[in-house]
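The values are calculated or read from the model by the stated rules, or taken from the named source; none is laboratory data. All values reported here derive from a predicted model rather than from experimental measurement. Here the Cβ positions follow ideal geometry from the backbone for every residue, glycine too, while neighbour counts run over all protein chains shown.
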Amino acid sequence: MQATGIDFNPGLPWGVLATVAVVGISILLFALISHACGIWWRAVFLCAGYLVLINPTLIREQRQYLPDIAALVIDQTLSQRTNNRLELATTVAEQLRVRLQKERDLELRSIVVDESNAGEGTRLFEALQEVLSDVPPERVAGSIIITDGQVHDVPKNSANIAYAGPIHVLLTGNRGELDRRLVIEEMPSYAIVGDSVAIAVRVDDINAEGEVIPITLRADGKDVLRTTVEIGVTNEIQIVLDHEGLTAFELYIEPGPSELTLDNNRAVALINGIRDRLRVMLVSGEPGPGLRTLRNLLKADPAVDLVHFTILRPPNKQDLTPVSELSLIPFPSGELFSVNLQKFDLVIFDRYHRRGILPAPYLSNLVDYVLAGGAVLDIAGPSFASSLSLATTPLAAILPARPTGKVYETAYRPRLSDEGGRHPVTTSLHTAGKGEMIAGDPPWGRWFRLIEAEIVRGEVLMRGAEDSPLLVLDRIGAGRVAQLLSDQSWLWARGFEGGGPQQDLLRRLVHWLMKQPDLEEESLSADANQQRIHISRRSLAPIRGPVTIIGPDGKSEDVTLVDVGGGRATATISVPRSGLYQLKHGEQSAVAMVGVANPLEVSDMRATEILVEPIATATGGSVVWLEEKGVPQVRRVRGTGNTMGPGWIGLVVNQQYRVSGLFQAPLLPEFLLLLLLLGGALMAWRVEGR
């Protein structure tokens, strides 16, 4: 298509040309007022001269008109899969494609938004920006969005979406839909183990405001609480974390009389349990080379508050030293073992024996403390085999080993037992760099003392001279007890014969006593990464049978585990949808959260125009309920006209083009201008000469 126009290419700046024009007009006016002769010939001369200065040019363009761009965004997220919304959206999108493909000079670009970003909600305007990212705004005819109105990235300012032209929103679903849903308004991201924290929840149901309904709370797949909440009111539910690490609290309510989906009748609160500073009491029977190593290990841990006492002068010692000259303090046995015992998380006895410091009632308190959930570590010295042994006190009720009276004073190399090769406390002590068991004897140094003992209960993880037990762990009541039947672990710390993993051993031992989840010998854990769940089962016994996985939809599946050694069996499975998955294997259970805990996409499934209507109106578009008004007609309108009306939506005709050819020529031929200049000057001179 051709287009013709006139352009000016002046030889002087327009300011100078304007001055020249004013001067010329002034001369002509003066001559006219003065009734001078030849005024019209002078006007011809001046006009011809002015035309020479502004140089008018005739331009003929060869134009190639560019098609306008229309964007079509189709919402296929999870909320669209309610009732027949998805089918309606797909049908309407296909009808619009057929219609718009028949339009001349119009290019349709469509994009489908699925639930890949369900954690961030429905991001339709991000998709719209993506599909129009390489299109100049002046070529955009408009945008059509097919959705249920649950959009979570609607721009607050229409200026931020001006590039999209008029936005028309076609709504699926029905006005006034009803749905009961559970919302977590506030929850902590972490909490101290043992402390009570509150989760603020609200149940929304327009037709049941004020009613009281039951709500159930589950922790890691197990029911822990059933209470009631009032609909439409914020309710607080108190919970207590009983272990470190992540705990998945699942709350769910019963269905209401009108439901679009049951996915938002439950909500998940993921709370990380952390321990406050751990309080450890270390009681040393007598100074020894291993005491400093143990003390330094505990003091180096910033999460540990250590209270340490060493018995340097027992009450029965008679050396005639006046009490007033002693710098020692009395051992506060009553305060520690009667009044404040429950404030400690762990009590450690290092080479301690009966010395008249702790009466039998205090040791009985220690037994009750362990049965109620406390922990005791006994590092035995030679006195454990004597008549002053702790095994002759009430503490014998919880100790897993009984001394035989024999003490081995010979060189031996500690080694793992079969159970020790599978227990998380010790299994990594005897591994190579790649996690494989090292063949033959362990590479660490020797010890030279071992108290022989008989095992009453518990698991023997390490053995020493004559295959005698060296490290014994036991669970009793709600608490835990560990016994190390040698006081020479310090040789590893000193590097004797190459040393050994003394710090790792004691650190893992202490953390197992503190019930750290990673060191549980019987456990089932699951980690989710995108749509894959990695399962790990740990046990001291051979692991047999599959793991049962129950998905968010209630369907179950069995997964076979593969033994990887070290008391562990693993498996990895891909899952089709996001949500909370429950895993069971024997008496062990776990949960895995795939995706985000409470996705915006399912928080509210009701179709609505409230979110999208302001931006549609601000851009000159419209909102149409498809169930009520059907699919609107599409009209092409000029930029200054209305872009919407009853039963139709408009796409702008922009008429943008690209110049493919250009012809330029002077508007007046040069000889004609010369003729006018000379003729005008001569005729003016002749007239004035008369």
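Points to keep in mind about this one:
- Filtered by the rule that a residue be among the hydrophobic types (A, V, I, L, M, F, W, C) and part of a helix (DSSP H, G or I), segment 275-295 gives 291, 294.
- In segment 554-564 there is no residue matching the filter, namely being outside the structural domain of residue 269 (by TED's automatic domain parsing) and in contact with a helix residue (DSSP H, G or I) (Cβ under 6 Å, 6 or more places away or on another chain).
- Selection status of residue 36, hydrophobic (A, V, I, L, M, F, W, C), modelled with pLDDT under 70 and out of contact with any strand residue (DSSP E or B) (no Cβ under 9 Å at 6 or more places or on another chain): yes
- Hits in segment 150-165 (condition: surrounded by fewer than 24 Cβ atoms within 10 Å (Cβ to Cβ) and either outside any helix (DSSP H, G or I) or among the polar types (S, T, N, Q) (or both)): 151, 152, 153, 154, 155, 156, 157, 158, 160
- Residues of segment 377-407 that turn out to be closer than 15 Å to residue 356 by Cβ and touching a residue at least 40 places away in the same chain (Cβ under 8 Å), as a count: 2
- Selection of first residues in segment 189-202 that are closer than 19 Å to residue 252 by Cα and of second residues that are not in a strand (DSSP E or B), restricted to Cβ pairs under 6 Å at least 6 apart or on distinct chains, gives the following pairs, ordered by first then second residue: 197/188; 199/187; 200/234; 202/234.
- Restricting 405, 381, 420 to those that are over 18 Å from residue 334 (Cα atoms), in contact with a Gly (Cβ under 9 Å, 6 or more places away or on another chain) and either in the same structural domain as residue 461 (by TED's automatic domain parsing) or crowded, with 19+ Cβ neighbours inside 10 Å (or both) reduces the list to 381.
- Scope segment 521-556; condition over 27 Å from residue 422 (Cα atoms) and either touching a residue at least 40 places away in the same chain (Cβ under 8 Å) or in a loop (DSSP other than H, G, I, E, B) (or both); matching residues: 530, 531, 551, 552, 553, 554, 555
- Test for residue 282: is it aliphatic (A, V, I, L, M) and not assigned by TED's automatic domain parsing to the domain that holds residue 199: yes
- Considering segment 557-591, the residues that are over 28 Å from residue 421 (Cα atoms) and small (Gly, Ala, Ser) include one that is modelled with the highest pLDDT, namely 574.
- Residue match in segment 233-241 (condition: farther than 24 Å from residue 601 by Cβ, in contact with a Lys or Arg (Cβ under 8 Å, 6 or more places away or on another chain), in the same structural domain as residue 194 (by TED's automatic domain parsing) and not charged (D, E, K, R)): yes
- Qualifying residue in segment 260-273 (condition: among the aliphatic types (A, V, I, L, M), farther than 18 Å from residue 375 by Cβ and touching a helix residue (DSSP H, G or I) at 6+ places or on another chain (Cβ under 6 Å)): no
- Subset of segment 225-242 (residues that are surrounded by fewer than 17 Cβ atoms within 10 Å (Cβ to Cβ) and closer than 28 Å to residue 258 by Cα): 225, 226, 227, 228, 230, 232, 233, 234, 236
- Test: residue in segment 82-94 that is within 27 Å of the chain's Cα centre (by Cα) and surrounded by 14 or more Cβ atoms within 10 Å (Cβ to Cβ): yes
- Residue in segment 653-668 that is at pLDDT below 90, in contact with a strand residue (DSSP E or B) (Cβ under 9 Å, 6 or more places away or on another chain) and among the basic types (Lys, Arg) present: yes
- Residues that are crowded, with 18+ Cβ neighbours inside 10 Å and not in a strand (DSSP E or B), drawn from segment 567-586: 567, 575, 578
- Scoring residue 202 on the criteria (1) surrounded by 14 or more Cβ atoms within 10 Å (Cβ to Cβ); (2) in a loop (DSSP other than H, G, I, E, B); (3) outside the structural domain of residue 636 (by TED's automatic domain parsing) leaves a single failure, condition (2).
Yes/no matrix, rows are residues, columns are (1) in contact with a helix residue (DSSP H, G or I) (Cβ under 6 Å, 6 or more places away or on another chain); (2) at pLDDT below 90; (3) under 30 Å from residue 11 (Cβ atoms):
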residue: 64; (1), (2), (3): no, yes, no
residue: 83; (1), (2), (3): no, yes, no
residue: 99; (1), (2), (3): no, no, no
residue: 107; (1), (2), (3): no, no, no
residue: 113; (1), (2), (3): yes, no, no
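- Any chance residue 169 is outside any loop (DSSP other than H, G, I, E, B) and free of Cβ contacts under 8 Å to residues at least 24 places away in the same chain: no
- Taking segment 293-334 as the range and being modelled with pLDDT under 55 and among the small types (Gly, Ala, Ser) as the test, only 327 passes.
- The residues of segment 494-519 that are outside any helix (DSSP H, G or I) and buried (at least 16 other Cβ atoms within 10 Å of the Cβ), listed by number, are 500, 501, 514, 515, 516.
- Within segment 206-224, if we keep just the residues that are closer than 16 Å to residue 580 by Cα and surrounded by 15 or more Cβ atoms within 10 Å (Cβ to Cβ), the residue that is modelled with the lowest pLDDT turns out to be 221.
- Cβ separations smaller than 7 Å between residues 6+ apart or across chains give the following pairs from segment 250-276 residues that are polar (S, T, N, Q) to residues that are assigned to a helix (DSSP H, G or I) and surrounded by fewer than 20 Cβ atoms within 10 Å (Cβ to Cβ): 258/207; 264/603.
- Qualifying residue in segment 216-231 (condition: in a strand (DSSP E or B), farther than 25 Å from residue 178 by Cα and out of contact with any strand residue (DSSP E or B) (no Cβ under 6 Å at 6 or more places or on another chain)): yes
- All of 185, 177 fail the test of being among the acidic types (Asp, Glu), part of a strand (DSSP E or B) and either more than 30 Å from residue 95 (Cα to Cα) or in contact (Cβ under 8 Å) with a residue 60 or more places away in the chain (or both), apart from 185.
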